[in-house]
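Student: I am attaching a structure below and will ask some questions about it afterwards.
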Amino acid sequence: MSLMAFDWIAKHAEAQPDAPAIHDLLSDRRYTYAELNDRVDRAALFLYERCGVSQGDRIALLMHNCSDMVELIFAAWRIGAICVPMNWRLAVPEIAYIIGDCQPKALFHTSEFTENAAAAVKQYGQHVMLVEAADGQKCHYEGGLRASYGNLPEVEHGFEDPWVILYTSGTTGRPKGAQITYAMQLFNAVNCMVANRITPKSHGLCVLPLFHVGGLCVYLSPLLHAGGMNTIMDQFDAKVMLNLITDREVGMTHALGVPTNFLFMSQLPEFKDANFDHLECVGVGGAAPSNALLETYARKGVLFEHAWGMTETSSIGTSIPKHMALEKIGSCGLPVLHVECKIADEDGNTLPPGEVGELLIRGPTVTNGYWKLPEATAQAFLPGGWFKTGDAARVDEDGYYYIVDRWKDMYISGGENVYPLEVEDALYRLNGVAECAVIGVPDERWGEVGRAFIVAEASAGLTEARVIAHCQEQLARYKAPKSVRFLDELPHNATGKVTKHLLPRD
Ligand code: AMP
């Protein structure tokens, strides 16, 4: 039996047309399901007729969170196109690389990214239609919607077809496009619905970026699947988020953030009197929250639903049931309904409870591959369909998982992954860098920040400021190292690899 993916927004527009679907906080636009459905329809027509986008073609997005972004993602679904929301923090060469890799027909951007979008398309060197969106009545996108009437082509979606591609940097140092299919989305929606009690009455806050599974798939897409409501914040602001989730009149039921979001909120003077009692589910994940943070919120009555997940697992793979949050503090919980996890040694053999090994996961929410990278896809899996997460973890006797370390060369700064290889690659483009290594070091504010170790050519006259400025030109700001140490030589092992664990972290 071949399964088809049905259009959630169109279905809810029929069944509950007047139910609230979206509130875009920045522009204060509010749409019911009927209104959202109409806008998605017009956006799909705009894509099809004006931008020449048909089934299987890509569109790229470069914008902060907004309702236009959600419309475009679901408009792509409606015509079977593949949407590529890009990290707006990326520098021009990084955007150009992604455009070159996925070759979109059109790139939608907001006005603050006009220059970066145009420069990246120029670097790519091929024609890509640039469309300005989300800037009110006068923008190109809004005009396009107003002018779009008519019938859409009939499109049949296969469950295994990609709907979205999310780029994640990897051990190759170059970003890889993880395909998020219709099947992954459906099963993710069901997983979140069950684990986090999502109903048509739920109202979630979307504050994590929509270019990441944290924003798109937890809990935005599960809420749209259930017919619930989303409030969309353009980007994180601790005070605004704290107000939104604690104001009873707003009526929020679900909120998710990375540990840094919750840390910043807890440092506000308003936190002392904040009341979270009306919230049904407060999720945290994307990086390890400290037990101190979990306890700070527990004292305010918030039992975090701590989850673990990855881009490649289309969001949560494990989640802790609320009633176990304190008893199993530090655990990222149990595998969610439609996935299976295990801890394995290097050969994929299952390890007993208590032993640390690699966390493996399989199930219908796991990606079917990286865009145009069959080899990288093959390397990511073990026999039996087990996906290698690169995370070191253990499971206890009750089946609860604990992430203990990361085996992949990566650190997380303010919830954003940084792959040292990518930073090292940028450093090697700077004249005078003979050898370099980048590691993540603990930081109170961001969890971790990058530190570069450089062996410089004697005549180069490199300084810390010069190195950091170079990285900021080449890479998104959060990837640029915050400190630089110059050494006479780097420590190496017998095969010549830099032994990063010997580099000073203090
Ligand atoms: P991404 O693909 O950007 O979602 O990053 C996925 C990675 O973030 C995982 O492989 C982990 O290394 C890390 N991560 C996600 N959730 C957690 C968590 N709850 N605790 C520790 N690390 C996490």
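Student: Restricting attention to the stretch 296-353, which residues are of a type in the set (D, E, K, R), within 24 Å of F264 (Cβ to Cβ) and out of contact with any Lys or Arg (no Cβ under 6 Å at 6 or more places or on another chain)?
Tutor: R299, K300, K322
Student: Has the stretch 341-355 got at least one residue that is within 15 Å of the ligand (Cβ to nearest atom), open to solvent by 20 Å² or more (accessible area, probe 1.4 Å) and either in the same structural domain as H203 (by TED's automatic domain parsing) or in contact (Cβ under 8 Å) with a residue 40 or more places away in the chain (or both)?
Tutor: no
Student: Within the stretch 450-506, which residues are part of a strand (DSSP E or B), open to solvent by 30 Å² or more (accessible area, probe 1.4 Å) and closer than 22 Å to W407 by Cβ?
Tutor: H492, V498
Student: Any idea how many residues of the stretch 257-272 are under 15 Å from C206 (Cα atoms) and open to solvent by 20 Å² or more (accessible area, probe 1.4 Å)?
Tutor: Counting residues in the stretch 257-272 that are under 15 Å from C206 (Cα atoms) and open to solvent by 20 Å² or more (accessible area, probe 1.4 Å) gives 0.
Results for (1) open to solvent by 10 Å² or more (accessible area, probe 1.4 Å); (2) within 16 Å of the ligand (Cβ to nearest atom); (3) of a type in the set (S, T, N, Q), shown as yes or no for each residue.
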residue	(1), (2), (3)
A189	no, no, no
T199	yes, no, yes
P209	yes, yes, no
L220	no, yes, no
L224	no, no, no
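Student: Sticking with this structure for a sec: Name the single residue that is surrounded by the fewest Cβ atoms within 10 Å (Cβ to Cβ) among those in the stretch 273-294 being outside any loop (DSSP other than H, G, I, E, B) and touching a helix residue (DSSP H, G or I) at 6+ places or on another chain (Cβ under 7 Å).
Tutor: L293
Student: Okay, moving on. When both residues are 6+ apart or on different chains and their Cβ atoms are under 9 Å apart, which pairs have a first residue that lies in the stretch 436-460 and is among the polar types (S, T, N, Q), and a second that is surrounded by fewer than 20 Cβ atoms within 10 Å (Cβ to Cβ)?
Tutor: Here the result reads S459/G432, each pair linking the stretch 436-460 to a residue that is surrounded by fewer than 20 Cβ atoms within 10 Å (Cβ to Cβ).
Student: What strands (runs of 3 or more DSSP E), lying completely within the stretch 318-429, carry at least 3 residues that are not acidic (D, E)?
Tutor: 340-344, 357-362, 386-395, 401-406, 411-413
Student: Can A344 be described as under 29 Å from F159 (Cα atoms), more than 20 Å from the chain's Cα centre (by Cα), of a type in the set (A, V, I, L, M) and at pLDDT 95 or above?
Tutor: no
Student: Restricted to the stretch 295-317, and to residues that are more than 9 Å from the ligand (Cβ to nearest atom) and open to solvent by less than 20 Å² (accessible area, probe 1.4 Å), which residue is nearest to R248 (Cα to Cα)?
Tutor: Top of the filtered list is V302.
Student: Next question, about the same structure. Give the number of residues within the stretch 96-142 that are modelled with pLDDT of 95 or more, small (G, A, S) and on the phi > 0 side of the Ramachandran plot.
Tutor: Summing the residues that are modelled with pLDDT of 95 or more, small (G, A, S) and on the phi > 0 side of the Ramachandran plot in the stretch 96-142 gives 0.
Student: Among the numbered criteria (1) in contact (Cβ under 8 Å) with a residue 60 or more places away in the chain; (2) part of a helix (DSSP H, G or I), which single criterion is violated by E156?
Tutor: Going through the list (1) in contact (Cβ under 8 Å) with a residue 60 or more places away in the chain; (2) part of a helix (DSSP H, G or I), E156 breaks only (2).
The values are calculated or read from the model by the stated rules, or taken from the named source; none is laboratory data. In this text the structure is predicted, and so the values were computed from the model without any measurement. Because the Cβ atoms are built from the backbone with ideal geometry, glycine has one as well, and the counts that use them run over all protein chains shown. Side chains included, ligands, DNA and RNA excluded: accessible areas come from the protein's heavy atoms. Shrake-Rupley method; radii C 1.70, N 1.55, O 1.52, S 1.80 Å.
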